[in-house]
Amino acid sequence: MALKLSSPVTDIHRIGPAKAKALSILGITHVRDFLYTFPRRYDDFSVITPIAQLVPGQKMTVRGRVKTVKSVWGFQGRRRVLRIFVEIEDATGVLQVTWYNLRFLVGQLQQGRELYVAGMVEEHTGRPPKKCAMRSPVIEFVQTEAEQTHTARITPVYPETHGVSSRFLRYQVKNLLPLLQVLPEYLPANIRQRNQLVGIQEAISAAHFPASGAELTTAQRRLRFDELFFLQMAALVRRQQRFSQTALPVPITLPLLKECIAALPFALTAAQHHALTEVMADLALNQPMNRLLQGDVGSGKSAVALIATNAVLRSGFTVLYLAPTEILARQQADSFTTILGQQQVALLLGATKQSAKDRIKQRLRSPEALCVVGTHALLQEDVKVQGCALAIIDEQHRFGVAQRHALQNLSGGRPLPHLLSMTATPIPRTLSLTVYGDLDVSILDELPPGRQPVQTEIVMPDNREPAILHILQELHAGRQAYVIAPLVEQSDRLEIKSAKETAAEMHQLFPDIAIGLLHGQMQSSEKESVTRNFAAGALQLLVSTSIVEVGINVPNATIMIIEGAERFGLSQLHQFRGRIGRGTIPSYCYLFPTTADSARSERLQILTSTTDGFVVAEKDLALRGPGEVYGLAQSGFGNLQVASLLDYPLIKLARQEAARLLKKDPTLARYPIIRKKVEQKNLQAHFE
């Protein structure tokens, strides 16, 4: 049977069930997957170096003949090991090469046979004259130039797994490349010409086996463009589909908006006013809002959400507010109740008593205007809502696409509620154009008046006394403090302080201070008691794990210590720091790394150099990559092989071309392959 791109891998000669299972770990289940599994890097073995010119410490390629072969069995511990010692010579000298446990080589390494070896050059430790050596280099016997696969060329290195090596993948890909001839070109010719993009067949072939560095660059540019183009196309199609749906229009008059703003005990910033204008304009439409409100910690996102909630409630509709943690849900419910009143706010948590849950669910099924603040408990199947005009998601990156979709469909999906997502982790511009390309974005880029930047300092392990003394001074002045620890309990493997150890140490250091302990293993009632007491000032010092990353607003807290600071991500450290500096009093954050070496961490250095969350987000994205920072696997965007979500110029170009194509053909009727790829990507994003 002739192989096709759609054939299962088991149709390939000598690939049985065991090998197919190993390949599936790499996402290779069909023939086409071999061709679309691109190298993670390349070894340039294209330059052939005479043996006399080899340089220890560099990867190099040699062409020579087998001079001598010696194989010796020995032991490494209790394990038998076969060592193959080979001398390879060319006109300039002799190279010592050693391979281990490759029994099949013994019969192939015949004296005089010509071969290539490529790998790291070492200095031979034998007797003079000095020679160079290689251990376990790549080997390939000399064939025609076009047939060389593993050496004497720019050599692809693929993702590997147990039982699947790069050598195996190179062999398979090279044999399957002729099947590319049936692969249709899907990008319109004008897009390719305008952007100087090579054809897809040429790009895939050259990405695996480039003839030169220039050819590889050209091939990768086409493949990067394609990945970003389909991301952009998928986002724009989702945006287009949103405009075809209906929502409950909530026209809010200017007098009503002014009344809602006047209910707050503080003045809004210009950025908050601007964001409110955008939100109110969206709410008045009969198309569902899908707006992302992003701003640094303490920039006032909750105030914007509160005003929008008040306006929607006073217009007679229901509001749902989804928070990622119980602590944040409780705090938001409390602050909303202060302005909106006890009767208009309900809190729905997993820990809520069943009788209270039933009452809230009954109220949601009635036409009563109500704001329900909750965690994942809001997304239960038996929660049905009548007249929901606004859904708010706090810390939206903590939720998957399916969860956001479920929230919008609690009212049956027709009409859809307007959706306002919020994040205190600023979104870099590259992600705003890709991952969040279907959203409208409002930015809060200023802090309320009087706020002062938090001073941040790295404290060496042998010089912590001044920071401890500073905490004591702040506590005696009536201020409050946080101490953050990475773990709840002591670990035998990690030499870092746990929250429980740290709390015990704080009790010894500050015997007269009221100290609380907070961590995720506590009962909901315990967590609520501790957070309420700290917010009320009954506790002066709070020792906590990362559970306080979001959700606690105590303006009187002015100082923080972060134990094992190198254990946290950059954006997470910035979120911790955002728990202080929420008043008008100068605040201080001390980073306690575990060792002197970890004190030199680039993340910690960045944190001391800026308090701008947008700068922190860009740096964190560059350091860790988008998948780790933003949990993109939940959103169907974690599978880019060639493109980078940091490549702003190409992202912008791909978006322009996607928008131009959609404007010309909104249903993609003339581009069935593009339409199918976009549908698959949006389906994947919805269900992941």
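Fully extended, how many nm does the chain gain between residue 273 and residue 182 (0.36 nm per residue separation, minus their Cα-Cα distance)?
Between residue 273 and residue 182, full extension yields an extra 27.1 nm.
Of 652/677; 59/619; 619/663, which sit over 27 Å apart, Cα to Cα?
59/619; 619/663
Report, to the nearest whole %, how much of the accessible area of segment 375-481 belongs to carbon and sulfur atoms, 1.4 Å probe, protein only.
Here it works out to 49 percent.
Is the shape of segment 98-204 rounded, prolate or oblate, going by the alpha carbon gyration tensor and its root eigenvalues a ≥ b ≥ c, with a/c under 1.5 for rounded and a/b larger than b/c for prolate?
Here segment 98-204 falls in the prolate category.
Where in segment 148-171 does the amide nitrogen come within less than 15 Å of the point 7 Å from the Cα of residue 21, taken along Cα to Cβ?
162-164
Any idea what angle helix 613-624 forms with the longest principal axis of the chain, computed on alpha-carbon atoms, 0 to 90 degrees, nearest 10?
Approximately 30 degrees, to the nearest ten.
If each residue of separation counts as 0.36 nm, what is the full-extension length gain between residue 600 and residue 380 once their alpha-carbon separation is subtracted?
In short, 74.6 nm is gained.
So what does log10 I(q)/I(0) come out to for segment 10-58 at q = 0.19 Å⁻¹, using the Debye formula with one equal point on every Cα and no solvent?
Calculated log10 I(q)/I(0) at the listed q: -0.70.
Can you show me the helix-derived [θ] at 222 nm for the chain, built from DSSP H runs with n ≥ 4 at -39,500 (n - 2.57) apiece and divided by the number of residues, rounded to the nearest 500.
That calculation yields -11000 deg cm²/dmol at 222 nm.
Principal axis lengths of the chain from Cα atoms, whole Å, largest first?
The Cα atoms of the chain stretch 92, 69, 43 Å along the principal axes, largest first.
Given contacts defined as C-alpha pairs under 8 Å and at least six residues apart, what's the relative contact order of the chain, whole-number percent?
Relative contact order of the chain: 12 percent.
Expressed as a rounded percentage, what relative contact order does segment 18-65 have, with Cα pairs under 8 Å and six or more residues apart?
Contact order relative to length: 24 percent.
For segment 1-114, what class follows from the C-alpha gyration tensor (a ≥ b ≥ c being the square roots of its eigenvalues): rounded when a/c is under 1.5, otherwise prolate if a/b is larger than b/c, else oblate?
Cα axes put segment 1-114 in the prolate bin.
For the Cα atoms of the chain, what angle does the longest principal axis make with the long axis of helix 672-687, in degrees from 0 to 90, nearest 10?
In the chain, helix 672-687 runs at an angle near 60 degrees to the longest axis.
So what is the accessible area of segment 59-126 per residue, in Å², with the probe set to 1.4 Å?
Value returned for segment 59-126: 59 Å² of accessible area per residue.
For segment 281-403, what value does the Rg/Rh ratio take when both radii are computed over Cα atoms and Rh is the Kirkwood radius, given to two decimals?
0.93
For segment 521-590 and segment 41-105, write down the distance between their C-alpha centroids in whole Å.
Result: 58 Å between the Cα centres.
Convert each backbone phi in segment 255-263 into a coupling constant with the Karplus relation 6.51 cos²θ - 1.76 cosθ + 1.60 (shift: θ = phi - 60°), then list the ³J(HN,Hα) values in order as whole Hz, x for Gly and Pro.
Values, residue by residue: x, 5, 4, 4, 5, 5, 5, 5, 6 Hz.
Between residue 113 and residue 673, what is the spin-label point distance in nm, taking each point 7 Å from the Cα along the Cα→C-beta axis?
For the pair residue 113/residue 673, the computed spacing is 4.2 nm.
Rounded to the nearest 0.05, what FRET efficiency is calculated for residue 356 and residue 472 with R0 set to 56 Å and r the Cβ-Cβ distance?
Result of the calculation: an efficiency of 0.85.
Pop out the carbon and sulfur fraction of the accessible area of segment 1-89 as a percent, whole number, probe 1.4 Å.
52
Once a ≥ b ≥ c are taken as the square roots of the eigenvalues of the Cα gyration tensor of segment 500-559, is the result rounded (a/c under 1.5), prolate (a/b larger than b/c) or oblate (a/b not larger than b/c)?
In terms of gyration-tensor shape, oblate.
Say R0 is 45 Å: what FRET efficiency, to the nearest 0.05, do residue 660 and residue 403 get from their beta-carbon distance?
Efficiency at R0 = 45 Å is approximately 0.85.
I want to check the label-to-label distance for residue 33 and residue 98. Put each point 7 Å from Cα in the C-beta direction and report it in nm to one decimal.
Between residue 33 and residue 98, the simple spin-label model gives 3.9 nm.
Roughly what angle does helix 166-176 make with the longest principal axis of the chain, taking Cα atoms, 0 to 90 degrees, to the nearest 10?
Between the helix axis and the principal axis of the chain, the angle is about 80 degrees.
In terms of modelled amide H atoms, which long-range or inter-chain residues lie less than 5 Å from the amide H of residue 399?
Under 5 Å from the amide H of residue 399 lies no amide H from a residue far enough along the sequence or on another chain.
In straight Cα distance, which lysines are under 23 Å from residue 174, not counting same-chain residues fewer than 8 positions off?
Partners found: 4, 19, 21.
Please work out the FRET efficiency for the pair residue 2 and residue 618, using the Cβ-Cβ distance as r and a Förster radius of 41 Å; give the result to the nearest 0.05.
0.20
Taking 7 Å along the Cα-to-C-beta vector as the label spot, tell me the residue 53-residue 79 distance in nanometres, rounded to one decimal.
3.9
Mind checking the per residue accessible area of segment 407-509 for me, 1.4 Å probe, whole number of Å²?
Accessible area per residue, segment 407-509: 47 Å².
Taking 0.36 nm per intervening residue step and subtracting the Cα-Cα distance, what contour gain separates residue 212 from residue 556 on full extension?
Full extension of this stretch gives 117.6 nm more.
What lysines sit close enough to residue 70 to cross-link, taking a C-alpha to C-alpha distance under 21 Å and skipping anything fewer than 8 places away on the same chain?
In chain and number order, the partners are 130, 131.
Return the lysines within reach of residue 258: Cα separation strictly under 20 angstrom, same-chain partners fewer than 8 residues apart disregarded; answer none if there are no such residues.
301
Using a 7 Å offset from Cα along Cα-Cβ at residue 202, what residues in segment 652-685 end up with backbone N under 12 Å from the label point?
Counting backbone N atoms under 12 Å from the label point, the list is empty.
If one computes the Cα centroid of segment 252-302 and of segment 425-442, what distance in Å separates the two points?
19
The values are calculated or read from the model by the stated rules, or taken from the named source; none is laboratory data. Nothing here was measured: the structure is a model prediction, and the numbers come from that model. So basically every Cβ, Gly included, is an ideal-geometry build from the backbone, and we count neighbours across all protein chains shown. All accessible areas refer to the heavy atoms of the entire protein, side chains included, with ligands and DNA or RNA removed. Shrake-Rupley method; radii C 1.70, N 1.55, O 1.52, S 1.80 Å.
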